[in-house]
Each structure stands twice: as C-alpha cells, then as structure tokens.
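The values are calculated or read from the model by the stated rules, or taken from the named source; none is laboratory data. All figures in this text were calculated on a predicted structure; none of them were measured in a lab. Virtual Cβ from ideal backbone geometry, glycine too; neighbours counted across all protein chains shown. Note: accessible area is taken over every heavy atom of the protein model, side chains too, but ligands, DNA and RNA are not part of it. Shrake-Rupley method; radii C 1.70, N 1.55, O 1.52, S 1.80 Å.
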Amino acid sequence: VLIATPGSDLTMPTNQFIFSLLNSEKKHFYWYKNDGQHYLSIESPIRLGKSNRFGYVQITLDVSYQHSVVHDKKNIFIALLFISLISTIFGFLITQRGLRSLYVLTDTVQRITDTSLDQRINPTSWPKELRSLSKAFNQMLDRIETSFNKLKQFSSDLSHELRTPITNMIGQTEVALSYEYSVEEYQKVMESNLEELQRMSSLVENI
C-alpha cells in the first residue's frame, strides 16, 4: 500500500480484491456489503512509471441510503400506489366540485322562462375560477329582464294607444247606425272617424 485514506482499511480491506486483479489492465466495479453497510468500489490499474508493472487505485463510496431506497421495492410500490390513489380521489373531487357549478348553471338556464327572469346564481358558492362566469351570467339576466320589462311596458302602452281611437270609432259608428241622421250628421261622424284613423296611421308610422 503506497497511499491510503486513514480508516479506509476498516471500510474495505486492502487485500479484499487486489489479488484477484493481478496482471489485469481493466477497470472493475464491485458492490459489496460490510458490517451492514453497502458500498460501491471501483478498482482501476495504473502503470508504474515506464515499466510493465501495474499498481491499482481503489475508491469506495458508501451507497447504503441509495441501496435501501432502490432495493426496498415493496415500500416504493406501496407508496406509488397510495400516491396514485390519493391523486385520483383528489382529482375526482376537484372535478366534481367544478362540474357541480356547471350543473347549477344548466339547471338555472332550463328553468328560465318569460315569467321567471328573476332567476339568479349565487357566485359565493362557486369556485374562484368560475365566479366571473356566474357574475357575467347574472348581469346578462339583468339586461334581459330589463329589456323584457321595457318590451312589456311598450306593448301595454301600444295597446292603450290603439284601443282608444278604435273604441271611439266603434262607439260613434254604433250610435250613427242606431238612429237616422241627416247627411250632414253622417258626414260629421265620418270626419270624426277619419281623425281617429289618421291618428292611428300616425301612431303606426311612429312605431
């Protein structure tokens, strides 16, 4: 032994491998166990000067931790199985939580009619990623309800505006047909009806 790290003979006795490699010019790797610890040892021949004699360099690495991890296949398999199971369960729960909000949205849309435009979604019960969607949906319903109410009011006003002249014309015509009038009186009734018709014509054009 020319040079040795102090205490290396306790880890790997010097003569453990060297005699089996005499006259060998190849590098060798060894896995071995000593006092319950696992080691990786590398031996490489080196030429001594210009002669044909060879010496050997031996390097040893303690790989007990790596050995325990790699060779404990049962624990690794159980850990991977457990992690896969947990990941599947959490993925399923997260997916269901997200889809539950979409189910609520679908149900709300199906229940909306012209008499139930006051339907709204509670954004606080939705995931953060979908709250903007629920708020936008509620705003859309607000606009639709406002427009629909304006349309209903417009229809009501239009019905009233048309009903008044028609009622006047019907009343005047019924009275004129109930009695015998002179030509001048019939002419006044026709003039009155003409005014109502012109009013209706103007209303239709405005519409």
Using a 1.4 angstrom probe and counting only protein chains, how large is the accessible area of VAL1 in Å², to 10? 130
Out of (1) 1.28; (2) 1.36; (3) 2.97, which label holds the value of Cα Rg over 2.2 N^0.38 Å that was computed here? (3)
May I ask for the angle, rounded to the nearest 10°, between helix 183-206 and the longest principal axis of the chain, with both axes built from Cα atoms and the value confined to 0 to 90°? 10
Taking the simple approach of a point 7 Å from Cα along Cα-to-Cβ for both ASP72 and SER182, what is their distance in nm? 12.4
Starting from the Cα gyration tensor of segment 99-207, multiply each eigenvalue by 5, take the square root, and state the resulting semi-axes largest first in whole Å. 56, 12, 7
Report the extension gain between THR173 and LYS50 in nm, rounded to one decimal, defined as 0.36 nm multiplied by the number of residues separating them, less their alpha carbon distance. 30.4 nm
Non-local Lys pairs in segment 1-142, i.e. 8 or more apart or on different chains, that have alpha carbons under 23 Å apart: 4
Helix-only mean residue ellipticity at 222 nm for the chain, each DSSP H run of n ≥ 4 adding -39500 (n - 2.57), per residue, nearest 500: -21500 deg cm²/dmol
Does anyone have the angle between helix 73-111 and the longest principal axis of the chain? Alpha-carbon axes, 0 to 90°, nearest 10? 10
Can you give the accessible area per residue of the chain, in Å², using a 1.4 Å probe? 79
Using a cut-off of 9 Å between beta-carbons, work out the net charge of the residues near LEU141 (Lys and Arg +1, Asp and Glu -1, LEU141 not included). -1
Net lengthening on full extension, THR5/THR88 (0.36 nm per residue, minus Cα-Cα): 24.7 nm
